[in-house]
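Student: Have a look at the structure that comes next, please.
What follows draws every value from the coordinates through simple rules; no lab data is involved. Note that the structure is predicted; figures quoted are calculated from it, not measured. Every residue, glycine among them, receives a Cβ derived from its backbone with ideal geometry; neighbour counts consider all protein chains shown.
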Amino acid sequence: MSAPKTASRDAFASTLGAFAATVGSAIGLGNIWKFPYLTGSNGGAAFVLTYLLAVALVGIPVMAVEHVIGRRMRLDAVRAYGRVVPGQRFWAAIGWAGLASALLIMAFYTDVAGWVFAYVFKSAGAFVSGRPLTPETFGALASGTWEPIAWQAVVLVVTTAIIAAGVSQGIEKVTKTLMPLLFGLLLVCDLRALTLPGAFAGVSYLFSPDPSKITASVLLSALGLAFFKLSLGMGTMTTYGSYMPDQTRIVPNATRVALADTLVSLLAGLAIFPAVFAFGGTPAGGPGLLFNTIPLVFARMPLGGLFTALFFVLAAIATIGAMVSLMEVPVAFFVEKGHVRRPAAAAITGGTMFALGLLATLSQGPVLADVKLFGKTFFDLFDFLSSNVLLPVGGLAIAIVGGWLVSRSAFVEELNKGHSAASWYDRTFYAFIRFVAPGLILLILLSSLGVIRLS
Ligand code: TRP
């Protein structure tokens, strides 16, 4: 592994900038929509516990490997993996698979982002008219035909325009200022939800695990969520590593990112589940959980309608930040490798995402609900394939490249740039990269294929 000399590349100006950008990619719909929804559909605390372990034992090590390889190579993901092991160009496949993951993720992500955008307007309308949002509001939106497609188109046009103009720096700044606001609003939401009568059932649903609920499919979903949440396994974090300054300490940075991201997910869970139990709802409410619960929580507060609208505005902004980081992967590839001009690359990518997205969106309503592949609708299939197959397999390959194929001395040197770590700490962390992370990924993948039985 050697560092090629490159002409002036984009870069994060400081360690704080690198941290903020990484957190900006990580925090998104994954925290407020996917984490609560998967927790509710997978039985609660057992899933949360497995998820936390997956973040600590697999997520942080894989993020560190991506940052090490990115910063060492200072190249886009396809070229970085193609060149990091001398004579083994086929590892570029990690970058190629990453492109496929980005398209699949965006296909359903923009559907959900469309719901968020729609809810900005619906909740503002509800506040003005005084007629509250109900589960029927969400049902009609998600299973509609033209309405969700129109919102998805709006989301894609906004994201494509930002990418085409190359103003992702600007959006980063907006996200950075508004993220603390989202955090604050989540805290308000938590306070309200936790003081509802009967709220404690929701807290214990989140935090008192029943180990018998940990099945192979719970393990795979928790692992997949860890990858999805931390934007791992497809080259995003490798690219971000390539912009990282030399003085950034990779392991502490990755740990802080994982902690901040997990905190936001837990705050979202603490806003949603106590309310679900207090109002007698069902935790396994599926993808609509966020949209049906948050308006109910705020409805019990003075100016609740206004808070609901504000909540969805902030959620929309966090979502744009994550979408920009997803769309940038294929766009950068078209620009750097295909020599396509940036606006054209953005238009091609946005168009492809829209076409795939139509399948996901229409599969929630009468048009395509009955079309199933491997027993799943397109929406579920895209989600399953990306989070539970492509990202973990990508992460396994990344851990193998970093832990086994790159020379240990070069790897550890890059890992510890900017400080001299105690050697026991080095050894321990490297062991996680070599054995623990790939071992666990492999075990979980094999158990979900039924090759081995873990329980
Ligand atoms: N992590 C983001 C979220 O939780 C989604 C995301 C952005 C992502 N970039 C990614 C997921 C790259 C996987 C890979 O909402």
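Student: Only Cα pairs under 8 Å and at least 6 apart count here; give the relative contact order of the stretch 111-202 as a rounded whole percent.
Tutor: 27
Student: How big is the charge dipole of the chain about its Cα centre, in debye rounded to the nearest 20, if each Lys and Arg gets +1 on its Cβ and each Asp and Glu gets -1 on its Cβ?
Tutor: Using Cβ point charges on Lys, Arg, Asp and Glu, the chain gives about 780 debye.
Student: Moving on to the next point. Angle, helix 437-448 long axis vs. longest principal axis of the chain, Cα atoms, 0 to 90°, nearest 10?
Tutor: Helix 437-448 sits at roughly 50 degrees to that axis.
Student: Positive end of the dipole of the chain, charges at C-beta (+1 Lys, Arg; -1 Asp, Glu), about the Cα centre: which of 95, 36, 448 has its Cα farthest in that direction?
Tutor: With unit charges placed on the Cβ atoms, the residue in question is 95.
Student: Between residue 150 and residue 420, what length in nm is gained on full extension when 0.36 nm per residue of separation is reduced by their alpha carbon distance?
Tutor: Between residue 150 and residue 420, full extension yields an extra 91.8 nm.
Student: What is the fewest-to-most order of 339, 67 by other Cβ atoms lying within 10 Å of their Cβ?
Tutor: 339, 67
Student: If you don't mind, another one. How high is the relative contact order of the stretch 191-283, in percent, counting Cα pairs under 8 Å that sit 6 or more residues apart?
Tutor: Once divided by the residue count of the stretch 191-283, the mean separation gives 67 percent.
Student: If the chain between residue 409 and residue 344 were fully stretched, how many nm would it gain, using 0.36 nm times the residue separation less the Cα-Cα distance?
Tutor: Result: 19.2 nm gained on full extension.
Student: Between residue 204 and residue 369, what is the spin-label point distance in nm, taking each point 7 Å from the Cα along the Cα→C-beta axis?
Tutor: 3.6
Student: Binned at 10 Å from 0, what are the whole-percent values of the Cα-Cα distance distribution for the stretch 227-363, short to long?
Tutor: Per 10 Å bin, starting at 0, the Cα pair percentages come out as 9, 26, 31, 24, 9, 1.
Student: While we're here: If you build the Cα gyration tensor of the chain and take the root of 5 times each eigenvalue, what three semi-axes come out, in whole angstrom, biggest first?
Tutor: Gyration-tensor ellipsoid for the chain: 35, 25, 21 Å.
Student: Mean residue ellipticity at 222 nm from the helices of the chain, using -39,500 (n - 2.57) per DSSP H segment of n ≥ 4 over the full residue count, to the nearest 500 deg cm²/dmol?
Tutor: -22500 deg cm²/dmol
Student: Taking a ≥ b ≥ c as the square roots of the eigenvalues of the Cα gyration tensor of the stretch 189-304, is the shape rounded (a/c under 1.5), prolate (a/b larger than b/c) or oblate?
Tutor: Cα axes put the stretch 189-304 in the prolate bin.
Student: Sort 51, 243, 81 so that the residue with the fewest other Cβ atoms within 10 Å of its own Cβ comes first and the one with the most comes last.
Tutor: 243, 51, 81
Student: While we're looking at this one, here's another question. R0 = 25 Å: FRET efficiency of residue 178 with residue 299, Cβ-based, nearest 0.05?
Tutor: After rounding, the FRET efficiency stands at 0.60.
Student: With +1 assigned to the C-beta of every Lys and Arg and -1 to the C-beta of every Asp and Glu, and no other charges, what is the dipole magnitude of the stretch 326-378 about the Cα centre in debye, to the nearest 20?
Tutor: Rounded to the nearest 20 debye, it is 80 debye.
Student: Here is a further query. Measure nothing fancy, just the Cα-based angle from helix 391-400's long axis to the longest principal axis of the chain, in degrees from 0 to 90, nearest 10.
Tutor: Between the helix axis and the principal axis of the chain, the angle is about 20 degrees.
Student: Quickly work out the residue 249-to-residue 263 label distance, labels modelled 7 Å from Cα along the C-beta direction, and quote it in nm with one decimal.
Tutor: Taking the two extended label points, one gets 1.8 nm.
Student: Sticking with this structure for a sec: Using a Förster radius of 45 Å, what is the FRET efficiency between residue 96 and residue 188 based on their Cβ-Cβ separation? Nearest 0.05, please.
Tutor: 0.55
Student: May I pose another question? So if R0 is 45 Å, what FRET efficiency would residue 131 and residue 431 give, r being the distance between their Cβ atoms, rounded to the nearest 0.05?
Tutor: 0.15
Student: Normalised by the number of residues in the chain, what is the relative contact order in percent for Cα pairs under 8 Å and 6+ residues apart?
Tutor: RCO, the chain: 34 percent.
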